[in-house]
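The values are calculated or read from the model by the stated rules, or taken from the named source; none is laboratory data. None of these values were measured; they are calculated from a predicted model. Note that each Cβ is placed from the backbone with ideal geometry, even for glycine, and that neighbours are counted across all protein chains shown. Each accessible area value is taken on the protein alone, full model and side chains, heavy atoms only, with ligands, DNA and RNA left out. Shrake-Rupley method; radii C 1.70, N 1.55, O 1.52, S 1.80 Å.
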Amino acid sequence: MNRRRGRAIAAATVLAASLAGCSPAAQNGDTVPLPAVVPAPAAIEQATGAPFRLDASTRIEGEADAASALSALLEARTGLAPATGGDGAVIALRIEGGGPAESYALTADEASVTVTGADAAGLFYGVQTLGQLLARDGDAWVVPAVSIEDAPRFAYRGVMLDVARHFHPVETVKAYIGHAASLKLNALHLHLSDDQGWRIELHSRPELTALASSTAVGGDPGGFYTKDDYREIVEYAASRHMIVVPEIDMPSHTHAIGLAYPELAEEPVITDPMRETAAATGGALPESGTPYLGIEVGFSSLKIHDEATYDFAADVFGELAGMTPGPYLHLGGDEAHGTAEEDFALFVSRVSTIIADLGKTPVAWHEAGDAGGLAGATVGQYWGYVTPTDGMDDRARGFVSNGGQLILSPADAIYLDMKYPTGPDLGLSWANGPTSVQRAYDWEPSTVIPGIDDADILGVEAPLWSETLRSLDDIETMAFPRIAAAAEAAWSPATGASDLRTWESFRARVGALGPLWTSLGIGFHPSGEIDWATE
Ligand code: ACM
């Protein structure tokens, strides 16, 4: 792998198309189809009775946070605000411990709707499902009679946002958090530094933001998060049951660090292909001490045999550990093309140990998996293809034999910045792109790395690199609908373990979400692979 990179379809019609996962009753000729839920729930049964009808007297009772999330969702989708008193029908939101973490049950019938979470996150996810169930019935809004029992397959369900190649302000990050959380994703990995810029204020190393944050790809403006900004992101994410995983990519992808601390940086390693690209495009090659505005990778390195490098890593990760309530700190470790193998191994061993000694779990891209001396239980993030090439699966298995688990981010399926086959002039195509929605969907986590099983998989994460992405619109156009395929791989039963886990079923279910996404302000790509409902 080389990084160098019609008319409104009636809701009923769309729902009927979701019969790939229909209930036994529906398969036997009952014309009432299953409602469209994404990611597919663990178990869903269509009930035979009349639906729950919403109106201005409908009340929400129960847990306050979930009630306010549901009120906002209801109002955005239907325009109806829940009643604050009276004797209207009730939507009850409860937490009852005992089930698996993040699980919930939802029942709806003519008389009431009840959502019961095993914990606050489970209740939040039940509310998201309820938002997807809302359907028009003429001029009215209904929740079909249904019974759902749902729990996640994997504990870690992530998205990554690259705020280094292009900086994205707090409001953009919060919007992406909210929209991703509606698909039951629970981790935001922020790629906070790269060759083109440094994006996080640290009091221990103020030169980073003073000298290395103002630039971005193509000469676009840079930026950085103040400590207050970062706290705001972390708190907003927590309110959506999402952790933040900060990444400081090392030892390569560090040209910007060299602008602030030249004494830590090696000279750029310039390859012939880089020279050829620069000559063909008129782009500049990286130069020490000068901001880098291109999109080549792997040419920069911190000095591996200088103790000052490890003092720097200790300061940076130490301060980030104090700012980050989640358990993970990501050290990068990808594409260190100019670093000798034994030097790379020494580096990732020392930095992973610094992070583990801070009481956090290190995460590294899969290249670090066969470095001896990695801190025990370091999590590996696999970014090779669905069918591994070049021994990338061996490196991934290295984390498992070291006591760690894997996050799966197969680049030819769920790198959300890969171009669509047809669509906006955004994105790149180096990861075997363009990448269709069907390709984003048609893979199974347990078969990517031979020899590992579900217990070795922490979860699934869909990265989004921002070389070509400048705005929230750009981000969400590239992410939606493919992010829903990643969410289904992360949350839903394995392929083959549920009738719902087929492309045809997913295609119909995700198409039914178009109007909800529009009402939530999600600017999705209306891919021609999907029949989009319009109301
Ligand atoms: C990567 O795409 N270099 C992790």
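Being modelled with pLDDT of 95 or more and open to solvent by 30 Å² or more (accessible area, probe 1.4 Å) is a property that holds for Gly62.
Within the bounds of the stretch 279-290, is there any residue that is away from the ligand (no atom under 16 Å from the Cβ), under 32 Å from the mean Cα position of the chain (by Cα), closer than 30 Å to Leu123 by Cβ and open to solvent by 10 Å² or more (accessible area, probe 1.4 Å)? Scanning the stretch 279-290, I find no residue that is away from the ligand (no atom under 16 Å from the Cβ), under 32 Å from the mean Cα position of the chain (by Cα), closer than 30 Å to Leu123 by Cβ and open to solvent by 10 Å² or more (accessible area, probe 1.4 Å), so the answer is no.
Restricting the search to the stretch 309-348, which residues are of a type in the set (S, T, N, Q) and closer than 25 Å to Pro262 by Cβ? The answer is Thr309, Thr339.
Counting the residues of the stretch 433-472 that are buried (at least 17 other Cβ atoms within 10 Å of the Cβ), away from the ligand (no atom under 16 Å from the Cβ), over 18 Å from Tyr385 (Cβ atoms) and aliphatic (A, V, I, L, M) gives 2.
Yes/no matrix, rows are residues, columns are (1) closer than 14 Å to Asp249 by Cβ; (2) in a helix (DSSP H, G or I); (3) touching a Leu at 6+ places or on another chain (Cβ under 8 Å):
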| site | (1), (2), (3) |
| --- | --- |
| Asp311 | no, yes, no |
| Val316 | yes, yes, yes |
| Leu331 | yes, no, no |
| Thr339 | yes, no, no |
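None of Ser103, Ser57, Ser71, Ser112 is under 26 Å from Ala484 (Cβ atoms) and either open to solvent by 20 Å² or more (accessible area, probe 1.4 Å) or of a type in the set (Phe, Trp, Tyr) (or both) except Ser71.
Regarding the stretch 471-489, can at least one residue be identified that is under 27 Å from Gln132 (Cα atoms) and more than 16 Å from the chain's Cα centre (by Cα)? Yes; the residues of the stretch 471-489 include at least one that is under 27 Å from Gln132 (Cα atoms) and more than 16 Å from the chain's Cα centre (by Cα). Whether a residue is in contact with an Asp or Glu (Cβ under 7 Å, 6 or more places away or on another chain) and under 24 Å from Thr172 (Cα atoms) was assessed, and Asp249 passes this test.
Return the residue satisfying two criteria in turn: it lies in the stretch 328-370 and is open to solvent by 10 Å² or more (accessible area, probe 1.4 Å) and hydrophobic (A, V, I, L, M, F, W, C), and of such residues it is farthest from the ligand (Cβ to nearest atom). Looking at the filtered set, the residue picked out is Leu358. Counting residues in the stretch 514-527 that are of a type in the set (Phe, Trp, Tyr), at pLDDT 95 or above, buried (at least 17 other Cβ atoms within 10 Å of the Cβ) and touching a strand residue (DSSP E or B) at 6+ places or on another chain (Cβ under 8 Å) gives zero. Please enumerate the residues belonging to the stretch 373-390 that are open to solvent by less than 30 Å² (accessible area, probe 1.4 Å) and within 16 Å of the ligand (Cβ to nearest atom). Those that are open to solvent by less than 30 Å² (accessible area, probe 1.4 Å) and within 16 Å of the ligand (Cβ to nearest atom): Thr378, Val379, Gly380, Gln381, Tyr382, Trp383, Gly384. Looking at the stretch 410-420, is at least one residue within 16 Å of the ligand (Cβ to nearest atom), assigned to a helix (DSSP H, G or I) and not hydrophobic (A, V, I, L, M, F, W, C)? Within the stretch 410-420 (the criterion being within 16 Å of the ligand (Cβ to nearest atom), assigned to a helix (DSSP H, G or I) and not hydrophobic (A, V, I, L, M, F, W, C)), the answer is yes, since at least one residue qualifies. The selection criterion, being touching a Pro at 6+ places or on another chain (Cβ under 6 Å) and either open to solvent by less than 20 Å² (accessible area, probe 1.4 Å) or within 19 Å of Ser471 (Cβ to Cβ) (or both), holds for Leu192. A single member of Phe299, Phe312 is away from the ligand (no atom under 16 Å from the Cβ) and surrounded by 14 or more Cβ atoms within 10 Å (Cβ to Cβ), and it is Phe312. Sub-6 Å Cβ pairs linking a first residue in the stretch 473-486 that is open to solvent by 10 Å² or more (accessible area, probe 1.4 Å) to a second residue that is among the hydrophobic types (A, V, I, L, M, F, W, C), at least 6 apart or interchain, are Asp474/Leu426, ordered by first then second residue.
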